[in-house]
Amino acid sequence: MRSFTYERATDAQAAVAAVSRTGAKFISGGTNLLDLMKLDIEKPSHLVDISRLPLRDIEELPDGGLRIGAQAANSDVAADSRVRTRYPVLSEALVAGASGQLRNKASTGGNLLQRTRCPYFYDTAAGCNKRDPGSGCSAIGGFNRIHAVLGASDSCIATHPSDMAVAMTVLEAEIELLDADGSVRRVGIADFYRLPGHTPHIETVLRPGEMITSALLPPPPAGRQIYRKVRDRASYEFALVSVAAVVSTDQGAIGEARVAFGGVAHKPWRSIEAEAALTGRPATMATYRAAAEAAMRDAVGQGHNDFKIELARRTLCRTLAQAARAS
(Lines give C-alpha, C1' and ligand atoms only; values in the text may rest on other atoms or scores of the structure.)
Protein backbone atom coordinates (compact mmCIF):
# COMPACT_ATOMS: atom_id res chain seq x y z
CA MET A 1 0.00 0.00 0.00
CA ARG A 2 1.23 3.48 -0.84
CA SER A 3 1.72 6.07 1.87
CA PHE A 4 -1.04 8.64 2.42
CA THR A 5 -2.02 11.33 4.87
CA TYR A 6 -5.20 11.24 6.93
CA GLU A 7 -7.58 13.62 8.63
CA ARG A 8 -10.91 13.24 10.38
CA ALA A 9 -13.53 15.76 9.26
CA THR A 10 -15.39 17.54 12.02
CA ASP A 11 -18.41 18.64 9.98
CA ALA A 12 -19.80 18.16 6.49
CA GLN A 13 -18.62 21.50 5.12
CA ALA A 14 -15.09 20.89 6.41
CA ALA A 15 -15.16 17.46 4.76
CA VAL A 16 -15.99 18.74 1.27
CA ALA A 17 -13.39 21.50 1.68
CA ALA A 18 -10.73 18.97 2.69
CA VAL A 19 -11.43 16.62 -0.20
CA SER A 20 -10.86 19.41 -2.73
CA ARG A 21 -7.14 18.78 -2.19
CA THR A 22 -5.48 17.00 -5.12
CA GLY A 23 -5.45 13.24 -4.65
CA ALA A 24 -7.89 13.30 -1.72
CA LYS A 25 -10.72 10.81 -1.22
CA PHE A 26 -13.45 10.29 1.33
CA ILE A 27 -13.34 7.21 3.52
CA SER A 28 -16.10 5.96 5.78
CA GLY A 29 -16.50 2.24 6.51
CA GLY A 30 -13.65 1.49 4.11
CA THR A 31 -15.07 -1.94 3.26
CA ASN A 32 -14.28 -1.50 -0.43
CA LEU A 33 -11.75 1.35 -0.58
CA LEU A 34 -9.13 -0.24 1.70
CA ASP A 35 -9.09 -3.43 -0.38
CA LEU A 36 -8.63 -1.37 -3.54
CA MET A 37 -5.79 0.59 -1.95
CA LYS A 38 -4.02 -2.63 -0.95
CA LEU A 39 -4.27 -3.79 -4.56
CA ASP A 40 -2.91 -0.46 -5.82
CA ILE A 41 -6.11 0.21 -7.76
CA GLU A 42 -7.14 3.22 -5.70
CA LYS A 43 -4.18 5.49 -4.95
CA PRO A 44 -5.34 8.40 -2.78
CA SER A 45 -2.61 10.61 -1.34
CA HIS A 46 -4.94 11.95 1.36
CA LEU A 47 -7.94 10.38 3.12
CA VAL A 48 -10.74 12.43 4.62
CA ASP A 49 -12.53 10.34 7.25
CA ILE A 50 -16.24 11.17 7.25
CA SER A 51 -17.38 8.21 9.35
CA ARG A 52 -18.06 10.32 12.47
CA LEU A 53 -20.03 13.08 10.82
CA PRO A 54 -23.54 13.48 12.28
CA LEU A 55 -25.15 11.81 9.26
CA ARG A 56 -26.23 8.52 10.83
CA ASP A 57 -29.86 9.28 11.63
CA ILE A 58 -32.98 7.98 9.90
CA GLU A 59 -35.59 10.73 10.03
CA GLU A 60 -39.23 11.14 9.10
CA LEU A 61 -39.94 13.55 6.23
CA PRO A 62 -43.03 15.81 6.16
CA ASP A 63 -44.39 14.01 3.09
CA GLY A 64 -44.34 10.61 4.84
CA GLY A 65 -40.99 9.51 3.44
CA LEU A 66 -37.68 8.88 5.20
CA ARG A 67 -34.29 10.55 5.13
CA ILE A 68 -31.46 8.04 5.61
CA GLY A 69 -28.19 9.68 6.59
CA ALA A 70 -25.22 8.77 4.43
CA GLN A 71 -23.33 7.45 7.45
CA ALA A 72 -26.15 5.19 8.63
CA ALA A 73 -24.79 1.65 8.78
CA ASN A 74 -26.38 -0.88 6.45
CA SER A 75 -27.32 -3.06 9.44
CA ASP A 76 -29.01 -0.15 11.23
CA VAL A 77 -31.06 0.73 8.14
CA ALA A 78 -32.10 -2.90 7.62
CA ALA A 79 -33.20 -3.21 11.24
CA ASP A 80 -35.05 0.11 11.49
CA SER A 81 -38.73 -0.63 12.22
CA ARG A 82 -39.92 2.08 9.80
CA VAL A 83 -37.81 0.64 6.98
CA ARG A 84 -38.90 -2.92 7.75
CA THR A 85 -42.62 -2.08 7.76
CA ARG A 86 -42.84 0.60 5.07
CA TYR A 87 -39.91 -0.29 2.78
CA PRO A 88 -39.41 -4.05 3.25
CA VAL A 89 -37.79 -4.35 -0.18
CA LEU A 90 -34.94 -2.19 1.10
CA SER A 91 -34.55 -4.12 4.34
CA GLU A 92 -34.55 -7.43 2.44
CA ALA A 93 -31.96 -6.16 -0.05
CA LEU A 94 -29.64 -4.95 2.70
CA VAL A 95 -29.83 -8.22 4.61
CA ALA A 96 -29.08 -10.10 1.38
CA GLY A 97 -25.82 -8.19 0.96
CA ALA A 98 -22.37 -9.02 2.33
CA SER A 99 -21.98 -10.42 5.87
CA GLY A 100 -23.20 -9.23 9.26
CA GLN A 101 -19.79 -7.82 10.08
CA LEU A 102 -19.59 -5.89 6.81
CA ARG A 103 -23.13 -4.56 7.15
CA ASN A 104 -22.22 -3.23 10.59
CA LYS A 105 -19.35 -1.28 9.06
CA ALA A 106 -20.65 -0.33 5.60
CA SER A 107 -22.40 3.02 5.24
CA THR A 108 -25.34 4.01 3.06
CA GLY A 109 -23.23 6.45 1.05
CA GLY A 110 -20.42 3.96 0.63
CA ASN A 111 -22.80 1.24 -0.50
CA LEU A 112 -24.07 3.51 -3.27
CA LEU A 113 -20.50 4.15 -4.45
CA GLN A 114 -18.99 0.69 -4.15
CA ARG A 115 -17.00 -0.43 -7.17
CA THR A 116 -17.64 -3.36 -9.47
CA ARG A 117 -16.52 -6.88 -8.53
CA CYS A 118 -15.37 -7.66 -12.07
CA PRO A 119 -12.22 -9.80 -11.56
CA TYR A 120 -10.41 -7.99 -14.37
CA PHE A 121 -10.91 -4.69 -12.52
CA TYR A 122 -9.05 -6.19 -9.56
CA ASP A 123 -6.32 -7.83 -11.69
CA THR A 124 -3.82 -5.07 -12.44
CA ALA A 125 -2.17 -7.24 -15.10
CA ALA A 126 -5.41 -7.34 -17.14
CA GLY A 127 -6.86 -4.72 -19.42
CA CYS A 128 -9.65 -2.74 -17.79
CA ASN A 129 -11.00 0.55 -19.10
CA LYS A 130 -12.70 1.19 -15.79
CA ARG A 131 -9.47 0.93 -13.80
CA ASP A 132 -7.08 2.17 -16.51
CA PRO A 133 -8.89 4.05 -19.33
CA GLY A 134 -7.68 3.01 -22.76
CA SER A 135 -6.26 -0.34 -21.62
CA GLY A 136 -9.11 -2.41 -23.09
CA CYS A 137 -11.63 -4.79 -21.53
CA SER A 138 -10.30 -8.26 -20.81
CA ALA A 139 -13.77 -9.45 -19.83
CA ILE A 140 -14.88 -9.17 -23.47
CA GLY A 141 -13.61 -12.42 -24.90
CA GLY A 142 -12.47 -13.54 -21.45
CA PHE A 143 -14.31 -15.39 -18.70
CA ASN A 144 -17.42 -13.25 -18.30
CA ARG A 145 -19.90 -15.37 -16.36
CA ILE A 146 -20.84 -12.60 -13.88
CA HIS A 147 -20.94 -9.76 -16.39
CA ALA A 148 -23.60 -7.49 -17.83
CA VAL A 149 -26.26 -8.44 -20.36
CA LEU A 150 -27.95 -5.03 -20.50
CA GLY A 151 -26.56 -1.55 -21.10
CA ALA A 152 -22.99 -2.69 -21.70
CA SER A 153 -20.59 -1.20 -24.26
CA ASP A 154 -17.52 -2.21 -26.24
CA SER A 155 -15.48 -0.57 -23.48
CA CYS A 156 -16.93 -2.29 -20.41
CA ILE A 157 -19.30 -5.11 -19.46
CA ALA A 158 -18.92 -4.84 -15.67
CA THR A 159 -21.93 -4.95 -13.36
CA HIS A 160 -22.83 -2.83 -10.35
CA PRO A 161 -22.63 -4.93 -7.17
CA SER A 162 -25.03 -3.17 -4.79
CA ASP A 163 -28.23 -4.82 -3.56
CA MET A 164 -29.32 -1.72 -1.66
CA ALA A 165 -29.19 0.49 -4.75
CA VAL A 166 -31.50 -1.88 -6.65
CA ALA A 167 -34.12 -1.57 -3.92
CA MET A 168 -33.69 2.20 -3.78
CA THR A 169 -34.18 2.33 -7.55
CA VAL A 170 -37.57 0.65 -7.37
CA LEU A 171 -38.48 2.97 -4.48
CA GLU A 172 -37.45 6.00 -6.60
CA ALA A 173 -35.05 7.36 -3.98
CA GLU A 174 -33.22 10.64 -4.35
CA ILE A 175 -29.58 11.17 -3.43
CA GLU A 176 -28.72 14.42 -1.65
CA LEU A 177 -25.30 15.89 -2.42
CA LEU A 178 -23.24 18.65 -0.78
CA ASP A 179 -20.76 20.61 -2.92
CA ALA A 180 -17.62 22.39 -1.74
CA ASP A 181 -19.33 25.77 -2.18
CA GLY A 182 -22.04 24.71 0.30
CA SER A 183 -24.73 24.16 -2.31
CA VAL A 184 -27.04 21.16 -2.00
CA ARG A 185 -28.65 19.30 -4.88
CA ARG A 186 -30.76 16.19 -5.22
CA VAL A 187 -30.46 13.60 -7.97
CA GLY A 188 -32.94 10.80 -8.60
CA ILE A 189 -31.19 7.48 -8.26
CA ALA A 190 -32.21 6.59 -11.81
CA ASP A 191 -30.05 9.50 -12.98
CA PHE A 192 -27.28 9.07 -10.41
CA TYR A 193 -25.49 6.21 -12.18
CA ARG A 194 -24.07 6.39 -15.71
CA LEU A 195 -23.89 3.66 -18.32
CA PRO A 196 -20.32 2.78 -19.37
CA GLY A 197 -20.26 4.08 -22.95
CA HIS A 198 -16.67 5.01 -23.78
CA THR A 199 -15.96 6.30 -20.26
CA PRO A 200 -16.68 3.43 -17.85
CA HIS A 201 -14.33 4.93 -15.24
CA ILE A 202 -16.92 7.72 -14.72
CA GLU A 203 -19.63 5.82 -12.86
CA THR A 204 -21.89 8.51 -11.40
CA VAL A 205 -22.88 12.12 -11.90
CA LEU A 206 -21.02 13.18 -8.74
CA ARG A 207 -19.00 16.32 -9.33
CA PRO A 208 -15.43 16.56 -8.01
CA GLY A 209 -15.54 17.17 -4.27
CA GLU A 210 -19.25 16.45 -3.85
CA MET A 211 -20.30 14.30 -0.91
CA ILE A 212 -23.42 12.20 -0.42
CA THR A 213 -25.19 13.40 2.71
CA SER A 214 -28.38 11.32 2.59
CA ALA A 215 -30.76 9.15 0.61
CA LEU A 216 -34.37 10.31 0.53
CA LEU A 217 -37.17 7.79 0.25
CA PRO A 218 -40.54 9.09 -0.95
CA PRO A 219 -43.69 7.77 0.72
CA PRO A 220 -43.93 4.01 0.16
CA PRO A 221 -45.75 2.94 -3.02
CA ALA A 222 -48.89 0.86 -2.83
CA GLY A 223 -48.52 -2.88 -3.13
CA ARG A 224 -46.31 -5.70 -1.93
CA GLN A 225 -42.55 -5.16 -2.01
CA ILE A 226 -40.14 -8.06 -2.56
CA TYR A 227 -36.41 -8.42 -3.16
CA ARG A 228 -35.14 -11.71 -4.56
CA LYS A 229 -31.45 -12.44 -5.06
CA VAL A 230 -30.00 -15.37 -6.99
CA ARG A 231 -26.34 -16.12 -6.31
CA ASP A 232 -23.83 -18.94 -6.39
CA ARG A 233 -23.97 -19.54 -2.63
CA ALA A 234 -26.54 -18.79 0.03
CA SER A 235 -24.73 -15.94 1.79
CA TYR A 236 -21.86 -13.49 1.45
CA GLU A 237 -22.06 -13.46 -2.34
CA PHE A 238 -22.89 -10.94 -5.03
CA ALA A 239 -25.95 -11.35 -7.21
CA LEU A 240 -25.93 -13.20 -10.49
CA VAL A 241 -29.39 -11.71 -10.88
CA SER A 242 -31.60 -9.89 -8.42
CA VAL A 243 -35.07 -8.41 -8.73
CA ALA A 244 -36.74 -5.69 -6.68
CA ALA A 245 -40.47 -5.50 -7.34
CA VAL A 246 -43.45 -3.58 -6.06
CA VAL A 247 -46.83 -4.90 -7.21
CA SER A 248 -50.38 -3.90 -6.35
CA THR A 249 -53.42 -5.87 -7.51
CA ASP A 250 -57.14 -5.30 -7.61
CA GLN A 251 -59.62 -8.09 -8.33
CA GLY A 252 -57.04 -10.21 -10.07
CA ALA A 253 -55.54 -7.45 -12.18
CA ILE A 254 -52.24 -5.66 -11.67
CA GLY A 255 -52.61 -2.02 -10.70
CA GLU A 256 -49.18 -0.49 -10.31
CA ALA A 257 -45.94 -2.40 -10.89
CA ARG A 258 -42.34 -1.38 -10.48
CA VAL A 259 -39.40 -3.59 -11.43
CA ALA A 260 -35.63 -3.19 -11.10
CA PHE A 261 -32.84 -5.71 -11.73
CA GLY A 262 -29.43 -6.09 -10.13
CA GLY A 263 -26.43 -8.03 -11.41
CA VAL A 264 -27.30 -7.54 -15.08
CA ALA A 265 -25.97 -4.07 -15.94
CA HIS A 266 -23.46 -1.36 -15.12
CA LYS A 267 -26.07 0.16 -12.80
CA PRO A 268 -29.32 -0.87 -11.11
CA TRP A 269 -31.62 -1.53 -14.04
CA ARG A 270 -35.19 -0.20 -13.88
CA SER A 271 -37.30 -1.98 -16.47
CA ILE A 272 -39.96 0.37 -17.76
CA GLU A 273 -40.68 -2.21 -20.47
CA ALA A 274 -41.61 -4.86 -17.92
CA GLU A 275 -43.74 -2.41 -15.96
CA ALA A 276 -45.68 -1.44 -19.10
CA ALA A 277 -46.30 -5.12 -19.84
CA LEU A 278 -47.73 -5.62 -16.33
CA THR A 279 -49.92 -2.60 -15.65
CA GLY A 280 -53.63 -3.31 -16.09
CA ARG A 281 -53.05 -6.94 -17.07
CA PRO A 282 -54.31 -10.08 -15.32
CA ALA A 283 -52.07 -11.26 -12.51
CA THR A 284 -51.20 -14.52 -14.24
CA MET A 285 -48.03 -16.35 -15.21
CA ALA A 286 -48.69 -15.51 -18.86
CA THR A 287 -48.53 -11.81 -17.98
CA TYR A 288 -45.35 -12.31 -15.94
CA ARG A 289 -43.70 -14.15 -18.81
CA ALA A 290 -44.63 -11.36 -21.22
CA ALA A 291 -43.10 -8.85 -18.83
CA ALA A 292 -39.95 -10.95 -18.53
CA GLU A 293 -39.62 -11.14 -22.30
CA ALA A 294 -40.05 -7.37 -22.54
CA ALA A 295 -37.45 -6.78 -19.82
CA MET A 296 -34.81 -8.91 -21.55
CA ARG A 297 -35.67 -7.99 -25.15
CA ASP A 298 -32.44 -6.02 -25.60
CA ALA A 299 -30.24 -8.31 -23.51
CA VAL A 300 -27.00 -9.49 -25.10
CA GLY A 301 -24.84 -12.26 -23.67
CA GLN A 302 -21.08 -12.54 -23.97
CA GLY A 303 -20.87 -16.31 -23.99
CA HIS A 304 -20.29 -17.43 -20.42
CA ASN A 305 -23.03 -15.15 -19.11
CA ASP A 306 -25.72 -16.11 -21.65
CA PHE A 307 -27.53 -18.02 -18.88
CA LYS A 308 -28.22 -14.76 -17.08
CA ILE A 309 -30.84 -13.75 -19.63
CA GLU A 310 -33.07 -16.74 -18.94
CA LEU A 311 -32.22 -16.59 -15.24
CA ALA A 312 -33.42 -12.98 -15.12
CA ARG A 313 -36.67 -13.91 -16.85
CA ARG A 314 -37.40 -16.72 -14.42
CA THR A 315 -36.39 -14.70 -11.38
CA LEU A 316 -38.73 -11.92 -12.40
CA CYS A 317 -41.65 -14.31 -12.98
CA ARG A 318 -41.21 -15.94 -9.58
CA THR A 319 -40.87 -12.59 -7.82
CA LEU A 320 -43.96 -11.16 -9.48
CA ALA A 321 -46.03 -14.25 -8.69
CA GLN A 322 -45.05 -14.04 -5.02
CA ALA A 323 -45.75 -10.33 -4.85
CA ALA A 324 -49.13 -10.58 -6.57
CA ARG A 325 -50.30 -13.42 -4.30
CA ALA A 326 -49.63 -11.35 -1.22
CA SER A 327 -50.76 -7.91 -2.37
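The values are calculated or read from the model by the stated rules, or taken from the named source; none is laboratory data. This is a predicted model, so every value here is computed, not measured. With ideal geometry, Cβ positions are generated from the backbone for all residues, glycine too; neighbour counts draw on all protein chains shown. What goes into the accessible areas is simple: the full protein's heavy atoms, side chains included, and nothing from ligands, DNA or RNA. Shrake-Rupley method; radii C 1.70, N 1.55, O 1.52, S 1.80 Å.
Listed values, structure above:
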read-out: Asp49 long-range amide H proximity, modeled H, under 5 Å; value: Glu7, Arg8, Ala9, Ile27
read-out: Modelled FRET efficiency - R0 30 Å, Thr284 with Arg186, Cβ distances, 0.05 increments; value: 0.20
read-out: Length-normalised contact order for region 1-45 - Cα pairs under 8 Å, 6+ apart - percent; value: 51 percent
read-out: Shape call, region 175-289: gyration tensor on alpha carbons, a/c limit 1.5; value: prolate
read-out: Selection from Gly223, Thr199, Gly188, by position along the positive dipole direction of region 164-235 (Cβ); value: Gly223
read-out: Rounded to the nearest 10 Å², the accessible area of Thr279 at probe 1.4 Å; value: 70 Å²
read-out: Gaussian network model of the chain, springs between alpha carbon atoms under 10 Å - residue of Val19, Val170, Val149 with greatest fluctuation; value: Val19
read-out: Most fluctuating residue given options Pro133, Pro119, Pro208, as computed from a GNM of the chain linking Cα atoms under 10 Å; value: Pro208
read-out: Under 5 Å, built H, 5+ apart or other chain: amide partners of Arg270; value: Phe261
read-out: Gyration tensor (alpha-carbon) shape descriptor, region 127-194, a/c threshold 1.5; value: oblate
read-out: Contour excess over end-to-end distance, with Cα ends at Ala253 and Val300 and 0.36 nm allotted per residue; value: 13.8 nm
read-out: Value of relative contact order over region 38-167, rounded to a whole percent, pairs C-alpha under 8 Å and six or more apart; value: 21 percent
read-out: Accessible area in the full protein assembly, largest first, 1.4 Å probe, for Leu195, Leu278; value: Leu195, Leu278
read-out: Most to least accessible of Lys229, Lys38 (protein chains only, probe 1.4 Å); value: Lys38, Lys229
read-out: Debye, to nearest 20: dipole size of region 45-145, +1 on Lys, Arg Cβ, -1 on Asp, Glu Cβ; value: 260 debye
read-out: Whole-number percent relative contact order across the chain, with pairs defined as alpha carbons under 8 Å at least 6 apart; value: 16 percent
read-out: Computed magnitude of the charge dipole of region 243-307 (debye, nearest 20; Cβ of K, R +1, Cβ of D, E -1); value: 80 debye
read-out: Overall form of region 81-128 per C-alpha gyration tensor (a/c, 1.5; a/b vs b/c); value: prolate
read-out: Listed pairs Lys43/Lys229; Lys105/Lys130; Lys105/Lys229; Lys38/Lys308 exceeding 24 Å between Cα atoms; value: Lys43/Lys229; Lys105/Lys130; Lys38/Lys308
read-out: Residue-span extension gain [Phe143 to Ser45] - 0.36 nm each, minus C-alpha spacing; value: 31.9 nm
read-out: Amide hydrogen neighbours beyond the local backbone of His201, cut-off 5 Å, H modeled; value: none
read-out: Computed helical MRE - 222 nm, the chain, DSSP H runs ≥ 4 contributing -39500 (n - 2.57), nearest 500; value: -8000 deg cm²/dmol
